[in-house]
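Since the structure comes first, as structure tokens, the remarks are kept for the end.
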Amino acid sequence: MRPVLKRLFLLALSTDTEAQYRDSEGWQTRCLHCRSRLLFKPDGEPISAGSLEHVVPQAWFGKRAAKAICARVGDDPNDGRNLAIACLTCNHAKGRGPDQRGPGDPDALNVVTRLLDARLLRFRIAADMPSGHWA
Ligand SMILES: [Zn+2]
């Protein structure tokens, strides 16, 4: 796995109030959508079917209909608030559905808004990342 992707996994995990870390085992958390249990190595690499989800899809940034929702994550797709852990099944379903329909589709925007609400409820600033970003 590319180092940049591992860093994004670690950012999603370390800012997730439901993620637990144990030195010998690594990370454990739950899918943002279906709450299935997902496991990760200490460096952030998935052990089970965990994937990295951009809650507001990267392709929505810069689109007028998504202006307000993008502002909620600092207009940065890789902001910790916009990164979540999801199982592969849920992540793919979202990618083929609401993500693809785009922010101009009210139902798609509604789904992504509810997911972002759920992500922000689980968001914490990691102790060693006061800005919310890895240096
Ligand atoms: Zn899931």
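Things to note:
- Considering only residues in segment 89-120 that are surrounded by 15 or more Cβ atoms within 10 Å (Cβ to Cβ) and aliphatic (A, V, I, L, M), the one that is nearest to the ligand (Cβ to nearest atom) turns out to be Ala93.
- Of the set (1) surrounded by fewer than 18 Cβ atoms within 10 Å (Cβ to Cβ); (2) more than 21 Å from Ser14 (Cα to Cα); (3) of a type outside the set (A, V, I, L, M, F, W, C); (4) within 16 Å of the ligand (Cβ to nearest atom), all apply to Ser48 but (2).
- Hits in segment 72-98 - residues which are over 26 Å from Lys6 (Cβ atoms) and part of a loop (DSSP other than H, G, I, E, B): Gly97
- Among residues of segment 21-43 that are closer than 26 Å to Gly97 by Cα, those with a Cβ under 6 angstrom from a residue that is polar (S, T, N, Q) and assigned to a strand (DSSP E or B), sequence gap 6+ or separate chain, pair up as Leu38/Thr29; Leu39/Gln28.
- Taken residue by residue, segment 99-106 has no member that is part of a helix (DSSP H, G or I) and under 25 Å from Arg124 (Cβ atoms).
- Residue in segment 1-28 that is farthest from the ligand (Cβ to nearest atom), counting only those that are polar (S, T, N, Q) and farther than 12 Å from Arg119 by Cβ: Ser24
Since every read-out is calculated from the coordinates, none of them should be taken as a lab result. Note that the structure is predicted; figures quoted are calculated from it, not measured. All Cβ positions, glycine included, derive from the backbone under ideal geometry; neighbour counts span all protein chains shown.
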